[in-house]
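Read the figures in this text as sums done on the coordinates, not as results from a lab. As the structure is a prediction and not an experimental result, all values here were calculated from the model. Reconstructed Cβ throughout: ideal geometry from the backbone, glycine too, with neighbour counts over all protein chains shown.
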Amino acid sequence: MNTINPGATVSLCIMSGKGGVGKTNVALNLGYALKDLGHKLMLMDCDLGLANLDVLLGLTPERNLQDLMSGDARPEDVVLEVEPGLNILPSASGVPELVEMDQNQRDALFDKLKELIAGYEFLLLDLGAGISDTVLSLARMAQMRVVLVTPEPTSLTDGYAVIKVLHAKHGVRNFCVVVNQASADEARETFQRLNMACKNFLGFELVNLGHIRMDANVTSAVRHQTPLAKHAPQCPAYKDIAAIAGRIAHYRRENIEAVAGRTPLKDFS
C-alpha cells in the first residue's frame, strides 16, 4: 500500500520529532475546525500503545484498535461519533503488539478500514512522536504530512530529524510545518531555520502552513477534557487552528480530481 487514498478521502498525518509539543491537541481541534467548515472526517489515534485522544475528549471507549486487529470487532464497532461529521477511531495504551506492528500488519489494518475510510472527506492520523518504523510507515502512506514544532531548539532539531529520516528511508519530499506555542515573529524564525536546513542539506523546501499562538485557554481545555473548539472557540489559538484548517480545505478543493484518483496528486502549496 503506497498511500491511504480510498475514494475521495484526503489522508493527513500530524507528526512531531519529540513529545510534549501539543500534537494530539492540535490534531483534535483541527478535526473540529474542518468539521465546522462542513467536512466529514475521521480522526484516528495512531499513537499506538500510548493513546490519549480519548482522554482529551473525556471518553472511555469500550473498544479500540486492539479489538479490530485481533478480529474481536468490526471497524464500525470501534469508531465513535463525537459529533455529526466528526468521528474518532481510538487506540489503546500500554499494548506492545500495536507499537511493534510490521508492514504486513499495518497493511492488513488499513485493508479492514478501507471501506469505512472511503465515507469521509478527510482522514486525520495523530501519529506518535519520533522515528519508529510505525510512525515512518504511516507518515509515508499519508498524502499530506504536517510536522508540528515549537520554537524550542530540541523540538526544532527533532523535527528536522523526522523529516530527514523519512526522506532518507522513503524518498518523501513534501512536508508542511505548523509552529505551535509561538508568536508570529518566533514562528517565522523557527520555520526559516527548519526550511533552510532542509533546503541546504536535503535539497527541498517546506510549506509553511501557519502557526498557533501561546494561549492559556489550551491548558485549561486539556484540564477540563474539553476540545478547545468547545472550551474557548474565540480564543487566539483556536482562531489560528481554524485558519490552518481553511488552508487544508482549500488544498482538497484544488486537488479533488487527484484525490478521486483521476489525476496525479499535487504537492501542497
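Things worth noting here:
- Annotation: the antiparallel percentage among DSSP beta bridges lying fully within the chain is about 10.
- Relative contact order, percent, the chain [alpha-carbon distance under 8 Å, six or more residues apart]: 26
- Rounded to the nearest 20, the Cβ-based charge dipole of the chain about its Cα centre (Lys and Arg +1, Asp and Glu -1) stands at 860 debye.
- Annotation for Glu189 and Lys164: the two label points, set 7 Å from Cα along the Cα-Cβ direction, are 2.2 nm apart.
- Using the Cβ-Cβ distance between Gln225 and His250 with R0 set to 30 Å, the FRET efficiency from 1/(1 + (r/R0)^6) comes to roughly 0.45.
- Dipole orientation for the stretch 53-195: of the candidates Val147, Asn104, Leu65, Val147 has the Cα lying most toward the positive pole (charges on Cβ; Lys, Arg +1; Asp, Glu -1).
- Extension reserve of the Leu59-Lys114 stretch, reckoned as 0.36 nm per residue once the Cα distance is removed: 17.3 nm
- Overall form of the stretch 118-269 per C-alpha gyration tensor (a/c, 1.5; a/b vs b/c): oblate
- Spin-label model distance (nm) - Lys239 vs Glu81, 7 Å beyond Cα toward Cβ: 3.3
- Straight-line cross-link partners of Lys18 among the lysines, defined as a Cα under 17 Å from its Cα and at least 8 positions apart when in the same chain: Lys164.
- All lysines inside 24 Å of Lys230 as judged from Cα atoms, apart from same-chain residues fewer than 8 positions distant: Lys23, Lys35, Lys40, Lys239
- Inter-site label distance for Phe204 and Asn104 at 7 Å from Cα along Cβ, in nm: 3.0
- Prolate/oblate/rounded call for the stretch 10-254, Cα gyration tensor, a/c under 1.5 rounded: oblate
- Sorted by Cβ neighbour density within 10 Å, fewest at the top, the residues Met214, Met15, Met42: Met214, Met42, Met15
- Burial ranking of peptide ranges 222-230, 140-148 (average Cβ count within 10 Å, highest at the top): 140-148, 222-230
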